[in-house]
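Inspection log for the structure reproduced underneath, given as structure tokens.
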Amino acid sequence: MRVQRIAVLGFLLIVLPAHNAAGADNLVGIHSALAISQSLPWIARDAGIFRKHNLDFDLVLMRSASTAAAAMIGGETDVGIIGGIGILSAYVQGAQDFVIVGAVKNILTHSIVAKPEIKRPEDLKGKSIGVNRLGSNNHYFAIQVLQRIGLDPAKDVIFRQTGGDAADLIALLNGSVDASAMLTYGQNAVAQGFHYLIYGPDLRIPYAAAAFVSRRSVVARKPQVIGQFMRSMAEASKIFHAERETTLKILAKYLRVSDRKVLETSYNNELKAMEPRFDTRPEALQAILDELAINDPRAKKVQPQQLIDRRYLDEMEKSGFFDNLWGGKR
């Protein structure tokens, strides 16, 4: 099996094994973080939505958008719900088979969480900041906010790579870093005596933080199956936005967060940022292209619209699927 071959390489962790239902269409998906913005497949699985749409769906975790992009190029996965940086970087470098079929989150909602003695954002000068890895979403967020407060990200702070969202929290707790750019586990740190130095959700920094990605060749080969997946995600999105208790229960299960207050705070932050109908906003892609263009001039020649394929979103709009799902509300 394709997924097993990747797993042997030590890259992947299977989170949602498929049910292997007789006669169901098989689809292999990938995600790049244990994050609320990438939780819709968890909801679809636990709510029986994949089964409803006759999908036998495997979800694989690879903790890097760039490595996830490489796996998709290799044909090991069909769809992804991942950060845009890996996909756009690959596209700029020539992997123009990639296509974005919907967006989950078009802004960054990370925050800078710091030790109590760091009182003001300016106090970060000379301090260490934890990020998942250089080039990750939270690294980009940290760069943006540092520039906004007049600090030079290349000279005034030290970035330390932790390797993941939970690892950011561990690094902060054990004193390996003075502050951390955090998403899912920010409230966990606050509950243990740290504080929000810079609260990111209020800034609404444009960025393709989570998107549904496939390849044009896959869409051409499996148009109906990708459509079934997107309808499944749309129904999961409705549950995420409208069925709070169900969603919190599923998030607690997969994120392994038992503190109700911590979970609610994280959910509330993401709820405001996630796109109910998966609108893909060009400015969110342009922000990544601008970042890439600093080191790769080829990014200046790429337009966001080149990566966007709205066929599934348009079909759900025109057929009335979205309106039936949301009761006509936008």
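Out of curiosity, is LEU248 under 24 Å from LYS125 (Cα atoms) and surrounded by fewer than 21 Cβ atoms within 10 Å (Cβ to Cβ)? Considered against the rule, which asks whether it is under 24 Å from LYS125 (Cα atoms) and surrounded by fewer than 21 Cβ atoms within 10 Å (Cβ to Cβ), LEU248 comes out as no. Residue count for segment 76-96, restricted to those that are open to solvent by 10 Å² or more (accessible area, probe 1.4 Å), without any contact (Cβ under 8 Å) to a residue 60 or more places away in the chain and over 15 Å from VAL218 (Cβ atoms): 1.
In segment 153-182, the residue that is most open to solvent (accessible area, probe 1.4 Å) out of those that are touching a residue at least 40 places away in the same chain (Cβ under 8 Å) and of a type in the set (Ser, Thr, Tyr) is SER176.
Sub-8 Å Cβ pairs linking a first residue in segment 45-70 that is modelled with pLDDT under 85 to a second residue that is in a strand (DSSP E or B) and crowded, with 24+ Cβ neighbours inside 10 Å, at least 6 apart or interchain, are ALA65/ILE82, ordered by first then second residue. Anything in segment 199-244 that is open to solvent by less than 50 Å² (accessible area, probe 1.4 Å), farther than 24 Å from ASP323 by Cβ and aromatic (Phe, Trp, Tyr)? List them, or say none. Across segment 199-244, the qualifying residue is only TYR207. Where strands (runs of 3 or more DSSP E) fall entirely within segment 129-236, those with at least 2 residues that are under 24 Å from ALA71 (Cβ atoms) and not hydrophobic (A, V, I, L, M, F, W, C) are at 205-215. Quick one: ILE288 ticks every box in (1) over 17 Å from the mean Cα position of the chain (by Cα); (2) surrounded by 13 or more Cβ atoms within 10 Å (Cβ to Cβ); (3) part of a helix (DSSP H, G or I) bar one, so which box is it? Every condition holds for ILE288 apart from (1). For segment 105-121, a residue qualifies if it is in a loop (DSSP other than H, G, I, E, B) and among the polar types (S, T, N, Q), and exactly one does: THR109.
Residues are listed down the side, and each one gets a yes or a no for (1) within 22 Å of ASP202 (Cβ to Cβ); (2) small (Gly, Ala, Ser); (3) more than 13 Å from the chain's Cα centre (by Cα):
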position	(1), (2), (3)
ILE36	yes, no, no
LEU40	no, no, no
ASP46	no, no, yes
PHE50	no, no, yes
ASN54	no, no, yes
PHE57	no, no, yes
SER128	no, yes, yes
VAL131	yes, no, yes
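Kindly provide the set of residues from segment 76-104 that are in a helix (DSSP H, G or I), of a type outside the set (A, V, I, L, M) and closer than 20 Å to VAL28 by Cα, ordered by number. Once the filter is applied, which keeps residues that are in a helix (DSSP H, G or I), of a type outside the set (A, V, I, L, M) and closer than 20 Å to VAL28 by Cα, segment 76-104 yields GLY84, GLY86. Checked against (1) open to solvent by less than 50 Å² (accessible area, probe 1.4 Å); (2) under 19 Å from ILE81 (Cα atoms); (3) out of contact with any Asp or Glu (no Cβ under 9 Å at 6 or more places or on another chain); (4) assigned to a helix (DSSP H, G or I), LEU313 meets all criteria but (3). Filtered by the rule that a residue be open to solvent by 70 Å² or more (accessible area, probe 1.4 Å) and part of a loop (DSSP other than H, G, I, E, B), segment 269-285 gives LYS272, ARG281. Restricting ASP314, ASP279, ASP296 to residues that are touching a residue at least 12 places away in the same chain (Cβ under 8 Å), acidic (Asp, Glu) and over 21 Å from ARG204 (Cα atoms) narrows the list to ASP296.
Of the residues making up segment 135-152, those that are more than 18 Å from ALA293 (Cα to Cα) and either surrounded by 18 or more Cβ atoms within 10 Å (Cβ to Cβ) or not small (Gly, Ala, Ser) (or both) are ASN138, ALA142, VAL145, LEU146, ARG148, ILE149, LEU151, ASP152.
The values are calculated or read from the model by the stated rules, or taken from the named source; none is laboratory data. From a predicted model like this one, the values you see are computed outputs, not experimental measurements. Positions of Cβ are generated from backbone atoms using ideal geometry, with glycine treated the same way; all protein chains shown enter the neighbour counts. Note: areas computed on protein heavy atoms with side chains; ligands, DNA, RNA excluded. Shrake-Rupley method; radii C 1.70, N 1.55, O 1.52, S 1.80 Å.
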